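A.B. asks: The structure is given below, and queries will be raised subsequently.
Readers should treat all values here as calculations from the given coordinates under stated rules, not as data from a laboratory. Since the structure is predicted, the reported quantities are computational estimates derived from the model, not experimental observations. Here the Cβ positions follow ideal geometry from the backbone for every residue, glycine too, while neighbour counts run over all protein chains shown.
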């Protein structure tokens, strides 16, 4: 998220984290451009009025650099010309302030499915299933009660079945860029997740990879 208003960025960040997103925040155009070029984000929420250079220029520079991360522009401007300009420089969607936080989250979910990676509507490995848009998950026919972070962790595993993910990779994907805690938080949340998706069903699909991290077993559960 690129937003220079501290109060607004704090509000939006808390709201999106409650939806299970990991959110990085830049407060000016140059820093936002650097972060967007350095990290593979699922979506960018971009304010128009920014220090350094505005959101229009930032979006234009991203597209010129062949970075196609979906962009949702936020602005207090309601003029048709501004909305047209935003779309013309490469933005994918436009939201005028004030707006509903529920609508913002819904639009981000829609945008995050538009990038060039395959993003099936429902992720599944064996009898584990997860609907990223609805934030619902199941083991067989049993719906799982997961916290936002547990849901995000399970989604990461389901997107990379059979792949060993390091604790650093997991933190980068499920927590945010500014996270300063230790990697033991990953171990703690993997335990929480196992207690909900594996142990009650007599499964052991979330495997520990010694000296590396964790992976979700790719084959059908035994």
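A.B. asks: Using a ≥ b ≥ c from the Cα gyration tensor of the range 2-76 (square roots of the eigenvalues), is it rounded, prolate or oblate, where a/c under 1.5 gives rounded and otherwise the larger of a/b and b/c decides, a/b for prolate? Numbers along the way, then the final one.
C.D. replies: Values: a/c = 1.91, a/b = 1.26, b/c = 1.51.
Because a/c hits 1.5 or more and a/b fails to exceed b/c, the range 2-76 counts as oblate.
A.B. asks: What does the helix-only formula give at 222 nm for the chain: each DSSP H stretch with n ≥ 4 adding -39500 (n - 2.57), the total divided by the residues, and the result rounded to the nearest 500 deg cm²/dmol?
C.D. replies: Numbers: 8 runs with 88 residues, N = 222.
Computed mean residue ellipticity for the chain: -12000 deg cm²/dmol.
A.B. asks: What ranking do 157-168, 91-102, 20-31 get when scored by the average of other Cβ atoms within 10 Å per residue, highest first? Let's see the in-between values first.
C.D. replies: Details: 157-168: 16.8, 91-102: 14.6, 20-31: 18.5.
In decreasing order of mean packing, 157-168, 91-102, 20-31 become 20-31, 157-168, 91-102.
A.B. asks: How high is the relative contact order of the range 6-112? Use alpha-carbon pairs under 8 Å, at least six apart in sequence, and give a whole percent. Could the numbers behind the result be given before it?
C.D. replies: Values: 129 pairs, mean separation 25.5, N = 107.
Over the range 6-112, the number comes to 24 percent.
A.B. asks: Between the helical axis of 101-112 and the dominant principal axis of the chain, each derived from Cα atoms, what acute angle in degrees is found, rounded to the nearest 10?
C.D. replies: Compared with the principal axis, the helix lies near 80 degrees.
A.B. asks: I've got another one for you. Output the antiparallel fraction of DSSP beta bridges having both residues in the chain, as a percent to the nearest 5. Intermediate results must be reported in sequence, preceding the final value.
C.D. replies: On the way: 16 of 26 bridges.
Antiparallel: roughly 60 percent of the beta bridges in the chain.
A.B. asks: Averaging sequence separations of C-alpha pairs under 8 Å and six or more residues apart, then dividing by the length of the chain, give the relative contact order as a whole percent. Please report the intermediate quantities before stating the final value.
C.D. replies: Details: 324 pairs, mean separation 36.1, N = 222.
About 16 percent, as a whole number.
A.B. asks: Given [x] 1.01; [y] 1.07; [z] 0.95, which label gives Rg/Rh (Cα atoms, Kirkwood Rh) as computed from the coordinates?
C.D. replies: [x]
A.B. asks: Also, I was wondering about something else. Please give the residues of the range 144-175, grouped as numeric ranges, whose backbone N is less than 18 Å from a label point set 7 Å along the Cα-to-Cβ vector of residue 127.
C.D. replies: 144-145
A.B. asks: A follow-up question, please. Angle, helix 55-64 long axis vs. longest principal axis of the chain, Cα atoms, 0 to 90°, nearest 10?
C.D. replies: 60 degrees
A.B. asks: From the Cα gyration tensor of the range 123-216, with a ≥ b ≥ c the square roots of its eigenvalues, which class applies: rounded if a/c is under 1.5, or else prolate if a/b is larger than b/c, or else oblate? Each step should come with its number before you reach the end.
C.D. replies: Working: a/c = 1.74, a/b = 1.40, b/c = 1.25.
It comes out prolate by the Cα gyration axes.
A.B. asks: With labels modelled as points extended 7 Å from the Cα through the Cβ direction, what inter-label distance (nm, one decimal) is found for residue 110 paired with residue 147?
C.D. replies: 3.2 nm
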